[in-house]
Each structure stands twice: as C-alpha cells, then as structure tokens.
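Structure, as structure tokens:
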Amino acid sequence: MHMKKYLIYITLAFAAMLTASSCHERYVTYDDAEYVMFADTIATYPVQQDVEYFSIPVVSTVTRDYDRTFGVEIIDKGNNAIEGLHYRLQSNTVTIKAGETRADVMVHGIYDNIEAEDQLTFQLRLVMNDDLVMPLYGKDTKAHLMKVCPFDINAFTGYCVFTSMFLYDYSITGSYQRLVYTEKHPTEENTIICRNWLNDGYDVTMKFHPEDPLKRVVTMDEGQVASDEGSFFGTAHGDDKILVRSSSLNESLFFTCGSYLYLWAEIYVENLGEPVGTVGHFYNIMEWISDEEAQRLKNEGM
C-alpha cells in the first residue's frame, strides 16, 4: 500500500466528516396558518444492514381533527440514487393523523447495493395544494444516503497506519506515519489499547461510541502519557511528559466501512499536575490493515 492510498483515505475521511450530518427536526407554530413541509430541506440518512427503514419526517404547523394524506413523488432530475436499486419508498403517500403534526415517509435503503464511498442522493416532493406550501421553504427535500456498516470492535484491532500532524510538525526523523498495533481492552467495553502510539514505550487508549450511526465518536481520556518531552522537543518544559486527550475543538469520528478513524487530539504539558501549556490540537488518521500489509510495510522500513 503506497502513500497515494493513504492520501485517498484522508480525503474520504474529510468527505465523510462533511456529509455525516444528523436530521434535526423543526417544529414551528404559525398561529392558525396551515403549512405542511418536510422537516428538513436536506439531510443525511443511514443505510444499515439490520435496520429495514429510515424515516423522513413531514410536519404541519397546525393540528386538524381529521387525517390529512399527501402524495410523495420522486423528483428524477438531479438524482444519482436509483429507485429500486439503492432505495425504495414504503408508500407514495404520507398521512398526518388527526390531532397530530407529524408523519414519516418510510424509506428502505438497499444496503447490499450501496458502497461505503458512494455519494448518493435523491429528492422528494409533497403533492398538495399550493396554499399549504410555506413561502421560501417549499415542499421538497434532498436525502443523502450514507452506508453504515455494523460496529465490531475487533475491526479496530491489529496493525494500523497512524498518520499524525503532530509527527509532521515535531518528528525528528521527518516521518509523520507510524505502524501501530492495537488490542481490545481486557476490561473496558468498546475500548482499544494503542501500543507505542506516538512514541515507543508509551501506550494510550481510545473508546468508541457507536450509538449514533451518523456520528460515531471516538474519545481519549484525559491525562494519558504519549511520550517524554525530550524525544520531540529536545528539552523538558514541564515534568517531561507529553500528555494527550480528546480535542475540545473538533469531534473525532470512526468509520466501520473500511475500519479507519480520524482523530482530533490535544497535546499538552503539565508540571506536577499544573498546566504548562497546550502544544496544539492535531489531526490524525488511523487506518487498519492486514497482517500481510503490515509485514510489507515493516520490510520497507515503516
């Protein structure tokens, strides 16, 4: 595996970060004015192996004492997701029940026909009287499909290529990539131990949080020792420990389709528990590879 491939994964990670946005519903009251709309004009939805449908919410500004049924049509222009191949609607109508202000368009994402790197979208439109359309908001929505593979902590164990902007800035050898070995933590759930992560002789842990399929977060506990100071700074500014924790500026996400993560880590220094200063918030990528690939990289000097 060459440097070009790792740069491709960096690009994919940034793309995944830009597209992995959750669906936020908005409920707004406009006195007695009745408007019906999709809750979002654009949103990303997870396609999962073990979840048959995801929902696209439709909302109304008022309740009625009767059921309201609206047509749902697919807008062909501008779509690259193909109906019947990548997704299908459970129904071409949606009904807001009497006394309620919300209903859901149920969509089946066809998991086996979607690749992890696909950027697929389709657009829907509500079929209804024009007087129900809120001015400037409209009656359309654009849905992005994001394939989400099942989470398995074992997919994040073994050898990985660690690419670090901290190493890029401070490595005395000029190398910003390391071959790191990771193991499942023996007692902490969804946690791995990264052996010799930033420097030989220093192990750190990372915890995976797979609850939200669109934003699977990975965190690092505070106060972990990643290196001595002399190995990177040439001198000690504190108690000769380079510490690491999750960055408070950016979230870190992991991706189950492909077994890689991007990590924002804060590197800092203390002296007997008192803050000395923050070195910076650094972007890192970890991509898990096979034992065979790891051996080849070792033979090449990584």
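The values are calculated or read from the model by the stated rules, or taken from the named source; none is laboratory data. In this text the structure is predicted, and so the values were computed from the model without any measurement. For neighbour counting, all protein chains shown are included, and Cβ atoms are generated from backbone atoms with ideal geometry for every residue, glycine included.
Within the range 182-211, if we keep just the residues that are within 20 Å of LEU297 (Cα to Cα) and either over 23 Å from the mean Cα position of the chain (by Cα) or acidic (Asp, Glu) (or both), the residue that is surrounded by the fewest Cβ atoms within 10 Å (Cβ to Cβ) turns out to be ASP200.
Within the range 223-235, the presence of at least one residue that is of a type outside the set (Gly, Ala, Ser), in contact with a helix residue (DSSP H, G or I) (Cβ under 6 Å, 6 or more places away or on another chain) and farther than 23 Å from VAL148 by Cα is confirmed. Scanning the range 265-302 for residues that are among the charged types (D, E, K, R) and either surrounded by 12 or more Cβ atoms within 10 Å (Cβ to Cβ) or part of a strand (DSSP E or B) (or both) yields GLU266, GLU270, GLU274, GLU287, GLU293, ARG296.
Can you tell me which residues in the range 212-241 are over 28 Å from the mean Cα position of the chain (by Cα) and not in a loop (DSSP other than H, G, I, E, B)?
Across the range 212-241, the qualifying residues are SER227, GLY230, SER231, PHE232, PHE233.
Residues in the range 111-130 that are exposed (fewer than 14 other Cβ atoms within 10 Å of the Cβ) and in contact (Cβ under 8 Å) with a residue 60 or more places away in the chain: 2 in all. Filtered by the rule that a residue be more than 15 Å from ALA43 (Cβ to Cβ) and either outside any helix (DSSP H, G or I) or not assigned by TED's automatic domain parsing to the domain that holds ILE56 (or both), the range 127-146 gives VAL127, MET128, ASN129, VAL133, MET134, PRO135, LEU136, LYS139.
Just checking, does the range 69-76 include any residue being closer than 14 Å to PHE38 by Cβ and of a type in the set (Asp, Glu)?
Within the range 69-76 (the criterion being closer than 14 Å to PHE38 by Cβ and of a type in the set (Asp, Glu)), the answer is yes, since at least one residue qualifies.
The set of residues from the range 77-103 being under 15 Å from LYS142 (Cα atoms) and either among the small types (Gly, Ala, Ser) or touching a Pro at 6+ places or on another chain (Cβ under 7 Å) (or both) comprises GLY78, ALA81.
Is it fair to say LEU263 is under 18 Å from THR182 (Cα atoms) and of a type outside the set (Gly, Ala, Ser)? Yes; evaluated as a whole, the condition is true for this residue. The single condition from (1) surrounded by 14 or more Cβ atoms within 10 Å (Cβ to Cβ); (2) within 30 Å of CYS194 (Cβ to Cβ); (3) not charged (D, E, K, R) that HIS108 fails is (2). The test for being closer than 30 Å to LEU261 by Cα and part of a loop (DSSP other than H, G, I, E, B) does not hold for PHE122.
Go through the range 266-290 residue by residue and tally those that are within 9 Å of GLY238 (Cβ to Cβ) and out of contact with any strand residue (DSSP E or B) (no Cβ under 8 Å at 6 or more places or on another chain). The qualifying residues number 3.
Filter the range 163-181 down to residues that are part of a strand (DSSP E or B) and in contact (Cβ under 8 Å) with a residue 40 or more places away in the chain and give me whichever is surrounded by the most Cβ atoms within 10 Å (Cβ to Cβ). The residue in question is SER164. When the range 236-250 is filtered for residues that are touching a strand residue (DSSP E or B) at 6+ places or on another chain (Cβ under 8 Å) and over 30 Å from VAL148 (Cβ atoms), the ones remaining, listed by number, are HIS237, GLY238, ASP239, LYS241, ILE242, LEU243. The residue that is nearest to PHE166 (Cα to Cα), among those in the range 245-284 that are at pLDDT 95 or above and of a type in the set (D, E, K, R), is GLU266.
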